[in-house]
Amino acid sequence: MENEYKLLLSCPSGLSPSQVTVNLSESYDRLPHPDIHLENSISKIWDERVQHSKSLFNGKKFRYGGHNVMEPHVCFHLGLTDYRTFVGTNLNPLWERFLAPSEDDCKQCQHTSSPLGNGAIVETSDNKILVLQRSNNVGEFPGYLVFPGGHPEPEEVGITSHKFENGLLKSELNNSKLSQEMFDSIVREVVEEIGVPSATLSEPLFIGISRRVLNVRPAAFFFIKCNLQSTEIHQLYDSAQDGYESTKLYAIQPSELESLASKMPGCHQGGMELYKLMLEAQKNIK
């Protein structure tokens with residue numbers, strides 16, 4: 001399993017919104033690849049995908065450009081990208097050709113879209129962990145098991161381009177809006193995908209960033225407690241809004257999670273590892 005994911009950052013004590021900041025800058029945007037044919041394949045692949053699926057939408061995404069740790073704070077370095085560029089670089093059949101030869105993670109991925117995804121380890125009041133089975137409708141990893149998640153959305157905080165930066169975004173107010181979106185977005189995903197009311201969820205704790213080796217796909221992971229029992233959650237799931245993305249909800253004993261790893265995409269295997277590191281840190285405190 002070791003080669004399925006890479007942990008880019010582990011915060012086993014869990015960070016609250018006041019400990020996470022965001023530096024949004026054009027300097028963390030993707031750099032075009034010098035090979036013009038490879039670069040041109042981005043729009044070609046997107047056009048082909050749109051032909052097959054008219055429902056595809058090219059939304060803005062935050063691009064992961066690294067992070068800076070200043071104990072006990074973390075600053076995300078984010079640029080802007082979009083779904084089209086993600087499909088054409090990270091999900092390109094030739095995705096490995098977009099990688100630059102470097103040991104430095106951000107330099108290696110400087111030509112990929114690498115939108116920052118997110119995932120939640122949700123613990124129920126009867127101490128189970130919620131895992132979804134992805135439907136066959138989804139573009140990535142159909143049928144696989146995943147933790148609930150998606151992406152933080154620039155448009156949720158009114159960002160459509162970098163032109164906002166020089167004015168509004170430099171203010172502390174907007175920086176806190178951006179870091180709050182990292183936390184708000186994972187709550188939205190859990191509510192939409194599982195069907196639980198947001199009032200039943202604790203404030204998320206940020207526990208780290210995992211990157212899938214396949215397609216160099218990064219995701220921020222959070223730990224959230226839900227004050228409902230797994231039986232109640234199963235009933236709510238049946239009426240969840242987002243039935244398109246998943247077909248089944250499992251409530252798993254933490255000790256059984258390991259046995260499901262091979263059925264998960266690498267970034268979610270990394271999320272499981274971040275959760276295990278959090279549990280170990282809690283044991284050590286006790």
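Assorted remarks:
- Cα long-axis angle, helix 36-52 against the chain (0 to 90 degrees, to the nearest 10): 50 degrees
- Selected from P142, P12, P204 as most flexible by GNM, with the chain as the system and alpha-carbon contacts under 10 Å: P142
- Computed over the chain, the Cα gyration tensor eigenvalues convert (square root of 5λ each) into semi-axes of 29, 22, 19 Å, ordered from largest to smallest.
- Taking amide H atoms as placed 1.01 Å from N in the peptide plane, the amide H of Y144 lies under 5 Å from those of R134, each 5 or more residues away in sequence or on another chain.
- Rolling a 1.4 Å probe across the protein heavy atoms gives the stretch 5-284 an accessible surface of 45 Å² per residue.
- Relative packing of peptides 153-159, 188-194 - highest average C-beta neighbours within 10 Å first: 188-194, 153-159
- Entries in K225/K276; K60/K248; K54/K163 that, when Cα-Cα distance is taken, lie over 26 Å: K60/K248; K54/K163
- Shape of the stretch 1-95, Cα gyration tensor, a/c cut at 1.5: prolate
- With the highest mean first, a sort of the peptides 205-212, 122-129, 54-61 on other beta-carbon atoms found within 10 angstrom per residue produces 205-212, 122-129, 54-61.
- Expected 222 nm ellipticity per residue - DSSP helices of 4 or more, -39500 (n - 2.57), all of the chain, to 500: -8500 deg cm²/dmol
- Mean separation of Cα contacts under 8 Å, 6 or more apart, over the residue count of the stretch 1-94: relative contact order %: 37 percent
- Percent accessible area from carbon and sulfur atoms, the chain, protein chains only, probe 1.4 Å: 50 percent
The values are calculated or read from the model by the stated rules, or taken from the named source; none is laboratory data. Just so we're clear, the structure is a prediction, and the values are computed from it rather than from any experiment. Cβ atoms come from the backbone with ideal geometry, glycine included; neighbour counts cover every protein chain shown. Please note that ligands, DNA and RNA were not included when accessible areas were found on the heavy atoms of the full protein model with its side chains. Shrake-Rupley method; radii C 1.70, N 1.55, O 1.52, S 1.80 Å.
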